[in-house]
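The structure under discussion appears below in the form of structure tokens.
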Amino acid sequence: MGKRRKPSPPSRARMAVLTTAMAAGSAVLASGTAHAEPSPNLASVKEQVDLLNEEAEQAIEKHNGFQARQQKLQAEANQIQEKVVRGQETMNELRTRLGAVAADQYRTNGIDPSVQLMLDSDPSAYLERASVQNQVSDSQANLLKQAQDEQRKLDQDRAEATATLAALDSVGTQLAEQKKDIQTKLAQAQEMLNKLSAEDRAKINAQQSAEKAKAEAQQAATAAAKDRASRSADRPDMNAPVPSATGRAGSIIAFAQAQLGKPYGWGKSGPATFDCSGLTSQAYRAAGVTISRTSEEQWKDGPHVDRANLQPGDLVFFYKDLHHVGLYIGDGKMIHAPRTGKNIEVLPISAMPYMGAVRPA
């Protein structure tokens, strides 16, 4: 039996390959056991939450528009239906009178064919046939014509009521869809915030507060610079802070100031919560002025005002689609209802993309 040979030791190259493979395997195992989902980037989360809230506010103003349209259509439908009821009552009375005429004729010479026609068929057919009949007295003809005219108006009112109720149903569907869209966007924003730790949420709130403070500081610096320029030129500055408002503007601003700190509530016009256009419309109502319900419609409620000529009480609008509105209070600031999760506050108008101002008559 031959002598057994000892296995030769692995070469250096083979040892290197084995060592590398083991290290890689250890790394895979380590990553598999210790892997954790990376925490979301705060800046990215804040940006996405802000975008969702902005989109929600756009949807809210559309929702408000549908709601205003729904209320208007409902009022119109109620009025038309009241007309239909009154018209039917008039028709019933006329038919009773025609019945009396028919009974009287039956007792004498029989029922006049024209009266029989009116009682037995659609009054709208009467005049076409009665024009060739000379058997009707003037009083009967007038009564029949009155009934025919009343029936025509009644038919028109019924058709209008049907169309209005159909439009009301359509707007109701749109209102429900818009409400669902709003709830979806707000839920998405809240879900993103819920994934953050309490510490990270506090950081986002701190960032928002810092941004607001920065905007206020910039506005104050701009106002101070204008004031210095005005004094050096020895002339009045048209852009200097506006004195305390009085009269109608005073009433508007006093109402808005009384709402400071109340929470934003989409689709709400007070008294506990407001959205942006709900606050502005109610502030004007407090001063005895009726303006539209939505920011887009409020843009049409009066002459436009240059930024340099703003006065307390003016409506100030933001974003290209005019989905946000506030109340100018002077000194480059406004009172506005920001968005879901925030409270009514004072903010420089430079803090958002400014589009213009309106001074309702």
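The values are calculated or read from the model by the stated rules, or taken from the named source; none is laboratory data. Remember, it's a predicted structure, so these values are computed and weren't measured experimentally. Neighbour counts are summed over all protein chains in view; Cβ atoms, including those assigned to glycine, are modelled from backbone coordinates with ideal geometry. Side chains are part of the model used for accessible areas, which takes the heavy atoms of the whole protein and leaves out ligands, DNA and RNA. Shrake-Rupley method; radii C 1.70, N 1.55, O 1.52, S 1.80 Å.
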- Task: Express in Å², to the nearest 10, the accessible area of ARG95 obtained by rolling a 1.4 Å probe over the protein heavy atoms while all chains stay in place.
- Result: 80
- Under unit Cβ charges (Lys, Arg +1; Asp, Glu -1), what dipole magnitude, rounded to 20 debye, does the stretch 281-361 have relative to its Cα centre? 140
- Message: At 25 °C and a viscosity of 0.890 mPa s, what translational diffusion coefficient does Stokes-Einstein give for the stretch 254-314, taking Rh as the Kirkwood radius over Cα pairs? Give it in µm²/s as a whole number.
- Response: 200
- Message: Can you give me the solvent accessible area of GLU177 with a 1.4 Å probe, rounded to the nearest 10 Å²?
- Response: 120
- Query: Of PHE255, PHE317, which has the most accessible area with a 1.4 Å probe, and how do the rest follow in descending order?
  - Reply: PHE255, PHE317
- Heavy-atom accessible area ranking, 1.4 Å probe, most first, across ASP200, ASP50: ASP50, ASP200
- Query: Which value results when the Cα radius of gyration for the stretch 291-359 is divided by 2.2 N^0.38 Å?
  - Reply: 1.01
- Query: Among THR294, ALA249, THR280, whose Cα lies farthest out toward the positive end of the dipole of the stretch 244-299, if unit charges sit on the beta carbon of Lys, Arg (+1) and Asp, Glu (-1)?
  - Reply: ALA249
- Query: How much accessible surface area, in Å² rounded to 10, belongs to the heavy atoms of THR162 with a 1.4 Å probe?
  - Reply: 90
- Message: Cross-link candidates for LYS179: which lysines have Cα within less than 20 Å, leaving aside residues fewer than 8 places away along the same chain?
- Response: LYS62, LYS72, LYS268, LYS342
- Note on the structure: Sorted list, accessible surface of protein heavy atoms, 1.4 Å probe, largest first, for MET355, MET91 is MET355, MET91
